[in-house]
1. Could you list all residues from region 148-167 that are small (Gly, Ala, Ser), closer than 25 Å to Gly95 by Cβ and outside any strand (DSSP E or B)?
2. Which ones in region 133-158 are more than 16 Å from the chain's Cα centre (by Cα) and among the β-branched types (Val, Ile, Thr)?
3. Ala133 - would you say it is in contact with a strand residue (DSSP E or B) (Cβ under 6 Å, 6 or more places away or on another chain) and part of a helix (DSSP H, G or I)?
4. Of all residues in region 252-274, which are in a loop (DSSP other than H, G, I, E, B) and within 19 Å of the chain's Cα centre (by Cα)?
5. For region 410-446, enumerate the residues that are over 20 Å from Ala385 (Cβ atoms) and not polar (S, T, N, Q).
6. Restricting the search to region 257-310, which residues are of a type in the set (Ser, Thr, Tyr) and either in contact with a strand residue (DSSP E or B) (Cβ under 7 Å, 6 or more places away or on another chain) or within 16 Å of Asn203 (Cα to Cα) (or both)?
7. How about region 28-111: which helices (runs of 4 or more DSSP H) wholly inside it have at least 1 residues that are at pLDDT 95 or above and either under 21 Å from Ala146 (Cα atoms) or of a type in the set (Val, Ile, Thr) (or both)?
Amino acid sequence: MKLTSRSVSRALLVSSLVVATTGGALVLATSAVAATTLGASAAQTGRYFGTAVAANKLSDSTYVGILNREFTMVTAENEMKIDATEPNQNQFSYGNADRIVSHAKAQGMRVRGHTLAWHSQQPGWMQNMEGSALRSAMLNHVTQVATHYKGQLYAWDVVNEAFADGSSGARRDSNLQRSGNDWIEAAFRAARAADPAVKLCYNDYNTDDWSHAKTQAVYRMVQDFKSRGVPIDCVGLQSHFNPQSPVPSNYQTTLSSFAALGVDVQITELDIEGSGSAQAANYQRVVSACLAVARCNGITVWGIRDTDSWRASGTPLLFDGSGNKKAAYTSTLNALNAGGGTDPTTTTTTTTTTTTNPPLPGGCTAAVSLNSWNGGFVATVKVTAGSTAINGWTVTLALPSGATVTNSWNVQRSGNSWTNVAYNGRVSAGQSTEFGFQGTGVGTGMEPSCTAS
């Protein structure tokens, strides 16, 4: 049990690409190679691999070096929580959170928001509220913060840790719960109204074991929400493990059972206390379980180095205090490179192809890179400005017959038109930006064209 919550993608290519011209013809040759970073290896199956980030550590060169090299998703460790973003009622503060978001964008990473409504780390003014006044203040907070980050985040942990530990399966007794039993639903509806596109998640700890009453209670809530049309897109399992609370044998069952409700499953705050081969084996078990469930679409570890962890004495992370890779890092990378997909018994193949339209001076070009496996793919589309800067762009790209988009990032889509979002429309002359999407079916044969505005 934790005391405080510790809780894109660059679709990285995992094959080499050789381009040559012979008599005016474009020749492509590919050769598959194992990915050498966590983010790249996760991308092979359309997943992300992320970490929690603290703004005050972005001046640490070792920390930032690992962050930029290894991860494709970030979560603000504390900077988006209620006490940080609304320290005084109706006075919002986003400086440190925005710093993390800006760093992520500059590196082509996506961001998970954490968290909008939580019984803990409330500012003093909120702790002293109750009833309808608290309900109104909570909904205002959700609306204001989600609106500030509208179009910039991959997902939000809308509500965090609302269920009690133990065998009761009851809601946690908190000031938010005492404002009315429908407070969780109200928070989700407010978040959806503020940002129609972001994934909305419920996040909790000690929900890893399928047999536990707390896990079953969260399951019943999600099942109820889905049946009544309450907007919920994902469930986050924090997955803080130690020798007293190990990786349960039914962990994959928990993931697949939530996914069967029609929501994504995300491992949001992973850390595993221990060392050596035992710790490495436990990380491998968690990663392999995620890879075996199609809707487990990403893993976030709660910190980079052991010394950055809220459980530093338990050395629970993938890098030691000096930034060296541990045995757990190697087992995690190997498990990710072993692949997965919708069916772990199906052979997975990965290919990369690139198609580009002719250069348009003063306009833009688009190129698509495809990472495929049996039954699915991730497409990364690079938009490059011509001889002058552009202020916006639209890529026309039709999906192959039978292909379906399951999620996308850094783009707005309407049919075959893919248009920039607020933060990536401006592209300097000769420079590029990227967007991506994940799909089911076969993604080969896509031919994009680009129009600048």
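The values are calculated or read from the model by the stated rules, or taken from the named source; none is laboratory data. From a predicted model like this one, the values you see are computed outputs, not experimental measurements. Heads up, the Cβs are rebuilt from the backbone with ideal geometry, glycines too, and the neighbour counts pull from every protein chain shown. Ligands, DNA and RNA are excluded from the accessible area calculation, which covers all protein heavy atoms including side chains. Shrake-Rupley method; radii C 1.70, N 1.55, O 1.52, S 1.80 Å.
1. The one that is small (Gly, Ala, Ser), closer than 25 Å to Gly95 by Cβ and outside any strand (DSSP E or B): Gly151.
2. Val142, Thr143, Val145, Thr147
3. So Ala133 fails the test.
4. Scanning region 252-274 gives Gly262, Val263.
5. Arg413, Gly415, Phe437, Gly439, Gly441, Val442, Gly443, Gly445, Met446
6. Ser257, Thr268, Tyr283, Thr300, Ser309
7. Result: 61-70, 82-85, 95-106.
Quick grid of which residues meet (1) within 30 Å of Ala338 (Cα to Cα); (2) surrounded by fewer than 22 Cβ atoms within 10 Å (Cβ to Cβ); (3) at pLDDT below 85:
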{"site": "Gly362", "(1), (2), (3)": "no, yes, yes"}
{"site": "Asn374", "(1), (2), (3)": "yes, yes, yes"}
{"site": "Ala389", "(1), (2), (3)": "no, yes, no"}
{"site": "Gly392", "(1), (2), (3)": "no, yes, no"}
{"site": "Ala398", "(1), (2), (3)": "no, yes, no"}
{"site": "Trp418", "(1), (2), (3)": "no, no, no"}
{"site": "Asn424", "(1), (2), (3)": "no, yes, yes"}
{"site": "Thr444", "(1), (2), (3)": "yes, yes, no"}
